[in-house]
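Take a look at the structure set out below.
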Amino acid sequence: QVQLVESGGGLVQTGGSLRLSCVASGNIFRLNVMGWYRQTPGRERELVAYFDSRGTPYYADSVKGRSTISRDGAKPTVVLRMDNLDSEDTAVYYCNARGIYIGRVGADYWGKGTLVTVSS
């Protein structure tokens, strides 16, 4: 039983920045990978950024150079910061946490999603 609570979505001006936070609670002992995805209607859900099992951050090409993923807070938390937003960044952003062992994904949890809308 794992719960992922996302916050920080909303309306952002073109060229502005966002800060999304995901807090994990419950039985998180076996989770070793955590990050953010996003999805828009008619498009597949895509990876934005994540920490691997060693704590190394990775970023999608579309956000490299303008995004930072970090840890924050007393509870397991992943924060996504993104600068220079444009219309292509409008999406529902989902927090994801999973356990990966011996090359296989075991537990896999998703947040409910938080909407980010970038206005022109």
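The values are calculated or read from the model by the stated rules, or taken from the named source; none is laboratory data. This one's a predicted model, so the numbers in the text were calculated from it and none came from an experiment. Note that each Cβ is placed from the backbone with ideal geometry, even for glycine, and that neighbours are counted across all protein chains shown. Areas reflect the complete protein model, heavy atoms only, side chains present, ligands, DNA and RNA absent. Shrake-Rupley method; radii C 1.70, N 1.55, O 1.52, S 1.80 Å.
Annotations
- Dividing the mean sequence gap of close Cα pairs (under 8 Å, 6+ apart) by how many residues the chain holds gives a relative contact order of 36 percent.
- Couplings 3J(HN,Hα) for segment 88-104, derived from phi with the Karplus relation 6.51 cos²θ - 1.76 cosθ + 1.60 (θ = phi - 60°), are 5, 8, 5, 5, 8, 9, 10, 7, 9, 9, 8, x, 10, 9, 6, x, 10 Hz, where x marks Gly and Pro.
- Overall form of the chain per C-alpha gyration tensor (a/c, 1.5; a/b vs b/c): prolate
- Each Cα pair under 8 Å and six or more residues apart adds its separation to the average, and for segment 67-117 the resulting relative contact order is 30 percent.
- Protein accessible area in segment 1-115, 1.4 Å probe - carbon and sulfur %: 49 percent
- Accessible surface calculations at 1.4 Å, restricted to protein heavy atoms, place segment 1-75 at 62 Å² per residue.
- Segment 90-120 and segment 19-82 have Cα centres separated by 7 Å.
- When you count the other C-beta atoms within 10 angstrom of each residue and take the mean per peptide, 89-97, 57-65 line up highest first as 89-97, 57-65.
- Packing-based ranking, highest mean first, of 11-20, 40-49 given that Cβ atoms within 10 Å are counted: 11-20, 40-49
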